[in-house]
Amino acid sequence: QSLEDMGFFCVDNLPPSLLEKFVELCAQSQGKIDKAAVVCDLRGGEFFSSLNQALRDLLEAGFRYQILFLEASDNVLVNRYKESRRRHPISPQGNILEGIRAERRYLVELRGQAHKIIDSSDLTNAQMKKKIREVFGSENDPARMSVSVVSFGFKYGIPLDADIIIDVRFLPN
């Protein structure tokens, strides 16, 4: 959601075999999609094993990308799985900790390729959003504060989307 707020076109859990086609589609959008983010994780099951090859294919085709690797401590991950009551994708029998450890072994190569690694163990949602904005944000980021000045007539009602209303009727025109 942080990346979407910054104007990225986001796709969650895209099979790696479709990654190059997706990038080509973005390139053919005539500038409509200039920033894209793709989440690939182990939920993809057997498709995930082709991620490293898909990334190599992107480089060979001349596409630039950055890998953001998110991680957290075992304790935090176990608690997150327990809170969500979801099974770990590698450990469908229910042993969350074994699944997390197997996932770490499986992702060691990808972690080594990452351009940025963020440990989210002790981060709140707001802190995580700030870190992501520091890495991928820009000066013309749509998530930055913007100010709109709107003139309206009180007899027609206050604009519904106004955050602050300042009555300046006492000022001379």
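In table form, for the structure just shown:
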| read-out | value |
| --- | --- |
| Amide H partners (placed H, <5 Å) of residue 36, local residues excluded | 9 |
| Dipole axis of the chain (+1 Lys, Arg; -1 Asp, Glu on Cβ), positive-most option in 97, 48, 15 | 97 |
| Accessible-area ranking of 129, 82, 155, largest first, probe 1.4 Å | 155, 82, 129 |
| Per residue accessible area in Å² of the stretch 50-138, where ligands, DNA and RNA are left out and the probe is 1.4 Å | 70 Å² |
| Heavy-atom accessible area ranking, 1.4 Å probe, most first, across 6, 128 | 128, 6 |
| Share of carbon and sulfur in the accessible heavy-atom surface of the stretch 1-130 [1.4 Å probe, %] | 49 percent |
| Efficiency of FRET between residue 147 and residue 53 - r from beta-carbon atoms, R0 41 angstrom, step 0.05 | 0.30 |
| Segment residue 168-residue 24, length gained on full extension (0.36 nm per residue, minus Cα span) | 46.7 nm |
| Segment residue 154-residue 101, extension gain: residue separation times 0.36 nm, minus the distance between their alpha carbons | 12.9 nm |
| Size of charge dipole - the stretch 1-128 - debye, nearest 20, with Cβ of Lys, Arg +1 and Asp, Glu -1, no other charges | 220 debye |
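The values are calculated or read from the model by the stated rules, or taken from the named source; none is laboratory data. As the structure is a prediction and not an experimental result, all values here were calculated from the model. Virtual Cβ from ideal backbone geometry, glycine too; neighbours counted across all protein chains shown. Heavy atoms of the whole protein, side chains included, go into the accessibility calculation; ligands, DNA and RNA do not. Shrake-Rupley method; radii C 1.70, N 1.55, O 1.52, S 1.80 Å.
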